[in-house]
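Following: one structure in structure tokens, then a few remarks.
The values are calculated or read from the model by the stated rules, or taken from the named source; none is laboratory data. None of the values given here were measured: they were computed from a predicted structure. Neighbour counts are summed over all protein chains in view; Cβ atoms, including those assigned to glycine, are modelled from backbone coordinates with ideal geometry. For accessibility, only protein heavy atoms count, side chains too; no ligands or nucleic acids. Shrake-Rupley method; radii C 1.70, N 1.55, O 1.52, S 1.80 Å.
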Amino acid sequence: MAEVKVEELLDEVTVRMPGGEELRARGRRRTVRRRAALVAAAVAVTGGALAMAALARGGEGGRDIRPAASPTKNPFLVDGMVRLLPPERMPAAGKWQWTGDEEETTENHPLPRVGGRDSCPASYAERSAPDQTQYGTEYGSDEGAAKARHRVTSYESGAVARREAALLEEALTECGLQRHGKGAAGHWSGTTESASWLRVEVERWGRWISVVEVEVEESARGQ
């Protein structure tokens, strides 16, 4: 490696400076360290944002059972088992006192089917749905004026799940629902064709989609 000698005029000491190749190597190492620091800072900011989103979802009408989803961990599986929301953790549980067994499995409803058949009939149109595995449960209120549903559906790939989630959002719009909020803390709500009030939360992780619904007869909303 070539070396450059610089004579110090004050004390006549020879200082050996590194050559061009070594200086370039040091520069590359500094660049790599800077990039690593920036990446670490970005990860920390993203993690904090996810945690804040999870906290914002608490309270009645929100979803307070699931912590912020890790990018590398499926939020719908616990120890390899699909977990459906128990009645006390469904939205508006304090008002409607949902009853039922979360281990019960409902009919396999392909997305974008949402609400009751009379509520959003367009979403019940026959279609060539992709292969799926679905887990679901349904709860009722004591008076029978409200229902709550939770479905977790897995597909063969994330691309298929994205398409199905997009179709679901189109169906929600056609049903007369409007989106409130953004990201994981957002939800859809509105009055349907059958004059019921419907609230829907949609969450996707990879090839999995979770749909949480609460449907209330319009006459019972003021109770």
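Here's a check for you: in the range 184-201, which residue that is outside any strand (DSSP E or B) and of a type outside the set (A, V, I, L, M) is farthest from Glu215 (Cα to Cα)?
Checked the range 184-201; the qualifying residue farthest from Glu215 (Cα to Cα) is Gly186.
Going by the conditions given, is Trp197 closer than 22 Å to Leu84 by Cβ and open to solvent by 20 Å² or more (accessible area, probe 1.4 Å)? Talk me through it step by step, then tell me what you get.
Numbers: closer than 22 Å to Leu84 by Cβ: no; open to solvent by 20 Å² or more (accessible area, probe 1.4 Å): yes.
It is false that Trp197 is closer than 22 Å to Leu84 by Cβ and open to solvent by 20 Å² or more (accessible area, probe 1.4 Å).
Identify the single condition in (1) modelled with pLDDT of 95 or more; (2) closer than 13 Å to Ser210 by Cα that Tyr135 does not satisfy, given that it satisfies every other one.
Condition (1) is where Tyr135 drops out.
Where the second residue is among the basic types (Lys, Arg) and loosely packed, with under 15 Cβ neighbours inside 10 Å and the first is at pLDDT 90 or above and lies in the range 182-203, which pairs have Cβ atoms under 7 Å and are six or more apart or on separate chains?
Trp197/Arg221
Write out, first by first residue and then by second, each pair whose Cβ atoms fall under 7 Å of each other, whose residues are 6+ apart or on separate chains, and whose first residue, in the range 147-161, is over 18 Å from Leu77 (Cβ atoms) while the second is small (Gly, Ala, Ser) and open to solvent by 10 Å² or more (accessible area, probe 1.4 Å).
Lys147/Gly140
Of the numbered conditions (1) buried (at least 16 other Cβ atoms within 10 Å of the Cβ); (2) assigned to a strand (DSSP E or B), Arg179 satisfies every one except a single condition; which is it?
(1)
Determine which single condition His150 fails, assuming it passes every other condition in (1) open to solvent by less than 40 Å² (accessible area, probe 1.4 Å); (2) farther than 28 Å from Ser219 by Cβ.
Failed condition: (2).
Kindly list the number of the only condition in (1) at pLDDT below 90; (2) among the charged types (D, E, K, R); (3) crowded, with 17+ Cβ neighbours inside 10 Å that fails for Lys73.
Result: Lys73 fails condition (3) only.
In the set Ser119, Ser128, which member is part of a loop (DSSP other than H, G, I, E, B), of a type in the set (S, T, N, Q) and either without any contact (Cβ under 8 Å) to a residue 60 or more places away in the chain or open to solvent by 10 Å² or more (accessible area, probe 1.4 Å) (or both)?
Details: Ser119 fails: either without any contact (Cβ under 8 Å) to a residue 60 or more places away in the chain or open to solvent by 10 Å² or more (accessible area, probe 1.4 Å) (or both).
Residue meeting the stated conditions: Ser128.
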